[in-house]
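A short worksheet on the structure shown next.
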Amino acid sequence: MFEVSFRVQHECPYVRFSLKHPEVRIVEWCNNKIDVLEIECPDIETFSRIGPDLENLLVWGGGKVLKKSFSDGSLQVIVKTCRDTKISPSITQLIEKNSFLEIAPIVYRGGWEEHRLIGFRQSDYKKMFRDLSGLGPVEILQKRVVPEKTIRDTFVISVSSIFSELTEKQVDALVAALDYGYYQIPKKITAEEIAREFSLTRTTYEEHVRKAES
């Protein structure tokens, strides 16, 4: 078993968009019914400038935009239908055809579409890249052997990897926010009320939470 990451240039509106706007990074999750896109911009001016092209891209996807939000330089767009069914042949179809497992997300940047996969046979590997080369330039970014017992860890983010870089204060702030209902809708408690529990100012507590979330 092995893991391989690659990038490809092919005829796809998402690739064309990223070629035209290389400073913008698109991260896509798709379950064949719903697309979740995060469009990362360096600043709000860039976001405003790419607006018309972005709107055309979403319209091409054929889906209804259910939600848009902009925070910390990242636009999140949730679309009702999956764009991949509009591309033939699609990269995802070639991946599935050659018996690979895809690890989300797909990334578009600088005119390239990037994928990360788990494969099981070298014959599948050779055949898939022959198929991909027929669509456009392909570059292998990384290939490594994956021990059979670690496939679960390959697909799942471990708790230790999430919290390993957080300080104790950041972990405490995040756990308190979860325990007290700060993330519930509607909120059961305000940041100021939690801060009082820790004898902190609201701004200090919010700083711990923001860093933990990041």
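Table for the structure above
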quantity: Tally of residues being in a helix (DSSP H, G or I), open to solvent by 50 Å² or more (accessible area, probe 1.4 Å) and closer than 23 Å to Ser74 by Cβ across segment 175-191; calculated: 1
quantity: Selected residue (criterion: most open to solvent (accessible area, probe 1.4 Å)) from residues of segment 24-37 that are at pLDDT below 85 and over 14 Å from Ile50 (Cβ atoms); calculated: Lys33
quantity: Candidate set: segment 192-214, residues that are under 29 Å from the mean Cα position of the chain (by Cα), acidic (Asp, Glu) and open to solvent by 70 Å² or more (accessible area, probe 1.4 Å); chosen: the one modelled with the lowest pLDDT; calculated: Glu213
quantity: Residue match in segment 121-136 (condition: on the phi > 0 side of the Ramachandran plot and at pLDDT 70 or above); calculated: yes
quantity: Some residue of segment 164-172 being polar (S, T, N, Q), at pLDDT 65 or above, in a helix (DSSP H, G or I) and more than 21 Å from Leu94 (Cα to Cα); calculated: yes
quantity: Test: residue in segment 14-22 that is among the β-branched types (Val, Ile, Thr), closer than 23 Å to Gln142 by Cα and open to solvent by less than 60 Å² (accessible area, probe 1.4 Å); calculated: yes
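For every residue, the table says whether it meets (1) touching a Ser or Thr at 6+ places or on another chain (Cβ under 7 Å); (2) open to solvent by 80 Å² or more (accessible area, probe 1.4 Å); (3) under 18 Å from Phe17 (Cβ atoms).
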position: Gly111; (1), (2), (3): yes, no, yes
position: Asp124; (1), (2), (3): yes, no, no
position: Phe129; (1), (2), (3): no, no, no
position: Leu135; (1), (2), (3): no, no, yes
position: Gln142; (1), (2), (3): yes, yes, no
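The values are calculated or read from the model by the stated rules, or taken from the named source; none is laboratory data. Predicted, not measured: the structure shown is a model, and the values here were computed from it. Positions of Cβ are generated from backbone atoms using ideal geometry, with glycine treated the same way; all protein chains shown enter the neighbour counts. With ligands, DNA and RNA removed, areas are computed over all heavy atoms of the protein, side chains included. Shrake-Rupley method; radii C 1.70, N 1.55, O 1.52, S 1.80 Å.
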